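The values are calculated or read from the model by the stated rules, or taken from the named source; none is laboratory data. Note that the structure is a prediction, hence the values are computed from the model and not measured. Here the Cβ positions follow ideal geometry from the backbone for every residue, glycine too, while neighbour counts run over all protein chains shown. Remember, those area values only see protein heavy atoms, side chains included, never the ligands or the DNA or RNA. Shrake-Rupley method; radii C 1.70, N 1.55, O 1.52, S 1.80 Å.
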Amino acid sequence: MTHPPKSSAAPPPAGPAGAPGIPAQPHGRPAPAAPPAPAPAPPTRRTAFAEGAERVRAAATTEPGRLRIIGAVLALLVLGFGAVAAWQTSTRAAAADDVLHRSQPLSFGAAGIYRSLADANTAAAGTFLAGGQENAKTRDRYEKDIREAAAGLVTAAANAEPGSAAEATVARLNRLLPEYKGLVERARTYNRQGYPVGGAYLRYADEKMQKHMLPAAQTLYTTENRRLDADYGDATPYPWAAIALGVLALAALGWAQHRVYRRTNRVLNRGLVAATAATTAALLWLVVGHAVARSGLDGSYAHGIRSLNVLHEARIAALKARGNENLSLVARGADTVTVGGQTYDAHYYDFDKDMAVLREALSEAARLADDDAGSAPVTAAQGDTAVWQRRHAAARAEDENGNYQQALDKVIGAEDATAECFDGVDRGLERAIGHERAEFGQAAGDGRDALAWLPQGTAALAVLGAAGSVAGIGRRLSEYR
């Protein structure tokens with residue numbers, strides 16, 4: 001029997017530990033083992049926002065999920081409208097209250113400080129002209145003016161912001177007022193003793209008043225008027241952001257109801273109808289209430305503040321004119337001014353300028369007066385001004401002719417003197433100012449009252465609207481359970 005031939009090929013060398021199939025390396029070293037496969041990477045953890053967005057996308061693929069999103073958006077829109085409306089109307093209501101109870105009284109008080117100082121200066125000159133026979137009424141008027149100016153400065157200081165220009169102005173006036181009063185008292189003392197130096201002290205006091213105190217009081221008045229204008233600017237603008245949000249919320253509610261109607265063929269959804277009604281009421285209240293408030297505040301400015309500013313200007317011009325008329329007799333030509341190469345008595349020259357301002361201010365006040373109660377005292381003041389000018393011309397003629405006593409009688413005498421005319425002008429302006437201030441208070445109060453409950457009301461209606469929208473959408477969601 002024949003056997004197959006044996007192969008001459010050598011068997012493969014054994015690997016480590018006798019494992020076959022692993023070729024030997026040079027010099028008899030075994031080959032290295034194959035590297036292990038890498039472990040799979042752990043899954044990346046998504047952020048909470050990404051997971052939430054994924055849930056929203058998943059929910060939006062189903063009708064209940066879409067309804068939940070719609071309900072949340074509607075509630076947020078209505079609540080956002082209520083929050084913005086409450087915020088904007090509350091700031092405007094606070095500004096309107098400041099107009100009525102803070103900035104306008106402070107502006108009026110600043111004008112009162114100016115008037116008191118100017119009137120004190122006029123009364124001091126009138127008292128000086130009486131010489132040793134001082135008029136008790138004029139002296140009491142001077143003392144009353146000084147007390148009122150001091151009290152007004154205390155009020156202004158209490159309401160001035162620390163470090164503000166108003167605080168510095170009030171401090172300056174508080175420093176100058178005792179100095180002025182001391183000069184006037186020296187003038188009175190020397191005048192009673194018959195010393196001519198009394199006139200010099202009075203002119204020095206008048207210079208301090210005209211060049212330092214009255215300009216400072218004018219600055220304070222201007223500052224307080226700017227504060228008043230700022231409060232008007234904060235109180236009157238329409239709350240456009242709240243109105244826009246309210247319109248957007250109504251549009252979203254309308255769209256949601258239309259969507260419900262298309263999908264269910266039901267005309268009304270009670271919750272969404274209630275939400276629409278509450279939002280509509282809040283929006284109408286916002287628009288109408290603010291329109292009424294704006295009308296009242298604008299009316300208080302047009303028929304109150306503008307008239308008051310003009311009347312204050314007229315009263316100050318009358319006081320300055322009277323002061324210059326008196327001081328022209330005190331100085332007896334010692335104070336002169338040169339204009340265009342011509343030399344004039346300084347106080348007579350200033351008197352003419354003040355009377356021109358007075359006539360112009362009275363004409364403007366008569367134009368702004370919107371009823372008989374406001375125009376009657378202004379018309380009376382215009383008549384007294386005309387008589388004053390005629391009597392002053394007669395007194396000036398006597399003074400220029402050297403008839404000092406006759407001129408003095410025509411200025412401070414008991415009958416047919418310019419003092420009567422000045423008092424008539426001042427009384428008329430005081431009545432007109434009282435009337436216009438009452439008109440301001442009525443109109444500004446109506447404007448402020450229109451905003452009184454608006455922040456709370458719009459917020460409450462917005463909460464009801466948001467609850468209605470959630471209830472309406474919840475009614476639809478219940479149909480899927």
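How far is helix 136-159 tilted, in degrees, relative to the longest principal axis of the Cα atoms in the chain, given as a value from 0 to 90 rounded to the nearest 10?
10 degrees
Taking the 0 to 90 degree range and rounding to the nearest ten, how far is the long axis of helix 165-192 tilted relative to the main principal axis of the chain, both from C-alpha atoms?
Helix 165-192 sits roughly 10 degrees off the main axis of the chain.
Across the chain, where is the longest run that never hits GluC sites (Glu not before Pro) in a DSSP loop with at most 15 other C-beta atoms within 10 Å?
1-414
Ignoring ligands, DNA and RNA, what percent of the 1.4 Å accessible area of region 438-481 is carbon and sulfur?
Here carbon and sulfur together make up 61 percent of the probe-accessible area.
Kirkwood Rh, Cα Rg: Rg to Rh for region 141-293?
Answer for region 141-293: 1.48.
Defining a contact as two alpha carbons under 8 Å apart and six or more residues distant in sequence, what relative contact order in percent does the chain show?
Rounded, it is 24 percent for the chain.
Treating the angle as unsigned and between 0 and 90°, give the value, to the nearest 10°, between the Cα long axis of helix 214-235 and the longest Cα principal axis of the chain.
40 degrees
Could you check how many percent of all C-alpha pairs in region 90-201 are farther apart than 19 Å?
54 percent
Would you mind telling me the share, in percent, of accessible area of region 285-344 contributed by carbon and sulfur at probe 1.4 angstrom?
Carbon and sulfur together cover 50 percent of it.
Check T336: other-chain or 5+ apart residues with amide H under 5 Å from its amide H, H built from backbone geometry?
A346
Evaluate the charge dipole of the chain about its Cα centre and quote only its size in Debye, nearest 20, assuming +1 on the Cβ of each Lys and Arg and -1 on the Cβ of each Asp and Glu. It would help to have the intermediate numbers written out before the result.
Numbers: 52 positive and 50 negative charges, 851 e Å.
Taking the Cα centre of the chain as origin, the dipole is about 4080 debye.
Hey, what number do you get for the chain at 222 nm if only DSSP H runs of n ≥ 4 count, each worth -39500 (n - 2.57), divided across all residues, to the nearest 500?
-26500 deg cm²/dmol, from helical runs alone.
Taking N as the number of residues in the chain, what value does Rg over Cα atoms divided by 2.2 N^0.38 Å take?
1.92
Leaving out ligands and nucleic acids, and using a 1.4 Å probe, what accessible area per residue does the chain come to in Å²?
I get 52 Å² per residue for the chain.
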